[in-house]
Amino acid sequence: MTSGDGEGPDVSGTVGGSTVGGSTAELAELLADWVPRQRWFAAKGQKLGAVRIDSRIVVSPSLAGAEDATDDQAAESRPRRPVEQVLISVEAESGVQRYQIFVGWAAELPERLAASVIGTAGGQTAYGALHDADFSALLIRLIAKDRASMAGELQFRAEPGAEIGTAGPPMVFGAEQSNTSIIYGHSAILKVFRRLEPGPNPDAEVHRALRAQGSTSVAPALGTIEGLVDGLPTTLALLTGYFGNSADGWAMATASVRDLMAEGDLRADEVGGDFAAEAIRLGRAVASVHADLAAAFGTEDAGPAGVDELLAEMRATAEATAAHVPSLAAQLDGIRAAFSGPAGGSAMPVQRIHGDLHLGQTLRTLTGWAVIDFEGEPSKKLAYRRSMHSPLRDIAGMLRSFDYAAHHSGGAMDPQHAYRATEWATRNRNAFCEGYAAVSGSDPREHGPLLTAFELDKAVYEVAYEHGHRPSWEPIPLQAVSRLITHGGTT
């Protein structure tokens with residue numbers, strides 16, 4: 001990837017008449033090398049063109065100086081190094097992508113920040129400033145105090161009535177892929193969105209709406225960072241409450257599977273680590289979130305025409321995917337038939353949903369299950385992620401996740417282990433549906449053909465993903481494809 005040619009207006013970051021860091025051309029060259037190597041970069045494996053810097057906005061020291069002079073603790077922890085928010089555009093095969101980077105500059109960088117170095121320009125070292133505890137501590141203080149940058153380019157806003165504790169030490173959460181999150185003690189977590197599209201991010205929009213509904217199955221929205229992208233107010237970061245002392249659903253489910261496999265011939269319901277009771281509780285929590293989303297955003301009925309259109313899209317996607325995934329090509333006739341089955345007068349209520357629901361998007365807290373990360377599938381366009389969909393899409397994602405957890409070791413299983421893994425998946429998939437039905441009044445399994453179509457659509461995507469990234473895992477979703485086109489259903 002190459003840097004831009006430097007044409008257009010000078011977008012160098014400045015404060016007090018002095019330039020912050022290297023020139024725009026130098027910074028673009030550094031980022032052209034650094035950005036593709038980051039975990040959150042979405043165009044890996046694609047042919048890349050130029051990277052162009054769209055804007056550079058100084059966040060510190062200008063905003064650090066805007067803090068209350070009487071706040072001694074804030075004064076002591078103000079960033080010692082200038083930081084700017086940089087928006088870049090990257091040319092990729094799939095289209096132009098825009099990213100947000102907080103770039104710090106230092107003549108001498110502390111050893112603790114060595115791993116975040118971007119490169120050297122203008123006699124200074126550029127680095128990823130979100131890993132700088134002084135700067136990340138500044139961000140939550142600015143949100144708590146409703147600050148704005150010079151000329152109002154960036155808006156730091158607290159939600160009405162939110163109680164934001166700013167004393168917790170900041171720590172970058174290491175497990176995320178598409179964004180960067182900073183945990184503040186045990187009270188709050190700031191998700192900084194890396195890839196941007198102009199407009200409100202669904203994660204902030206949904207958290208705010210669910211907070212207004214009094215939902216107990218999501219973290220409370222505490223604040224946002226917003227700015228203009230292509231002239232539109234855009235969510236740059238979201239601050240929510242943090243569930244300390246919690247365990248994510250994927251870790252709990254896979255631990256249950258390991259317990260089962262270690263117990264000889266015991267059935268899933270006879271093992272101490274049986275997950276079914278938790279699967280029921282999780283189903284209830286998801287149904288509660290869906291109900292709150294429906295109350296907040298309303299519902300519609302896509303009707304038979306909407307069902308037909310949806311199935312046609314699924315069928316076209318499968319055909320396009322099979323063209324470069326041989327294992328799917330061998331199943332294509334059955335896939336086409338499955339996507340033709342649910343049509344013919346079916347109704348399909350639609351509403352706002354999670355959009356990317358799986359066990360890794362859930363947390364078991366001290367008081368129950370919580371659902372997190374309402375951004376939707378990052379690869380989808382913003383308009384798609386903010387539109388209404390059938391709740392069955394979320395449910396299908398969870399059912400696929402249970403199947404993955406059961407077979408998560410990858411590779412081939414001996415017949416006994418394969419049978420027991422399937423037993424575990426069936427038990428917990430049905431338990432989840434039972435829990436969902438207990439709250440919603442509608443059992444997802446009653447929508448068998450349509451639910452199967454959603455699950456098959458997800459499994460087709462998974463086969464393509466594993467084919468390109470983890471070939472040894474490809475048999476897991478491929479086995480599901482075979483089952484769904486032959487038997488369908490969750491049992």
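The values are calculated or read from the model by the stated rules, or taken from the named source; none is laboratory data. Please read all numbers here as calculations on a predicted model, not as lab measurements. A quick note on method: Cβ atoms are made from the backbone with ideal geometry, for glycine too, and the neighbour counts reach across all protein chains shown. The area values use the complete protein model at the heavy-atom level, side chains included, leaving out ligands, DNA and RNA. Shrake-Rupley method; radii C 1.70, N 1.55, O 1.52, S 1.80 Å.
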With charges set only on the Cβ (+1 for Lys and Arg, -1 for Asp and Glu), what does the dipole of the chain come to about its Cα centre, in debye to the nearest 20?
140 debye
If packing is taken as the mean number of other Cβ atoms within 10 Å per residue, what is the order of 129-139, 84-94, highest first?
129-139, 84-94
What full-extension length gain, to one decimal in nm, is calculated for A320 and T486 as 0.36 nm per residue of separation minus the Cα-Cα distance?
57.6 nm
At 1.4 Å probe size, with every protein chain present, just tell me what the per residue accessible area of the range 131-262 comes to in Å².
39 Å²
Taking the dipole of the range 217-280 about the Cα centre (Lys, Arg +1; Asp, Glu -1; charges at Cβ), the one of T235, A219, A253 that reaches farthest to the positive side is T235
Given the range 153-245, report the % of alpha carbon pairs whose separation exceeds 23 Å.
22 percent
With a bin width of 5 angstrom, please list the P(r) values of the range 309-458 as percents of all Cα-Cα pairs, from the 0 bin to the one holding the largest distance.
2, 8, 14, 19, 21, 19, 11, 5, 2, 0
With every protein chain in place, the range 322-455: carbon and sulfur % of accessible area (1.4 Å)
56 percent
Peptide ranges 29-35, 106-112, 41-47 listed from the most packed, as the mean C-beta count within 10 angstrom indicates
29-35, 41-47, 106-112
Apply the a/c threshold of 1.5 to the C-alpha gyration tensor of the chain and tell me whether it is rounded, prolate or oblate.
prolate
Antiparallel as a % of all DSSP beta bridges within the chain, to the nearest 5?
95 percent
What whole-number distance in Å separates the alpha-carbon centres of the range 248-325 and the range 422-483?
6 Å
Solvent-accessible heavy-atom area per residue, rounded to whole Å², over the range 352-423 at 1.4 Å:
38 Å²
Shape verdict for the range 225-347, please, from the Cα gyration tensor: rounded (a/c under 1.5), prolate (a/b greater than b/c) or oblate.
oblate
Give me the percent of accessible area attributable to carbon and sulfur for the range 89-130, probe 1.4 angstrom.
47 percent
The chain, helix-only ellipticity at 222 nm - DSSP H runs n ≥ 4, -39,500 (n - 2.57), divided by all residues, nearest 500:
-12000 deg cm²/dmol
Ranked highest first by the average count of other Cβ atoms within 10 Å around their residues, in what order do 304-317, 352-365 fall?
352-365, 304-317
Over the chain, relative contact order from alpha-carbon pairs under 8 Å, at least 6 apart, %
11 percent
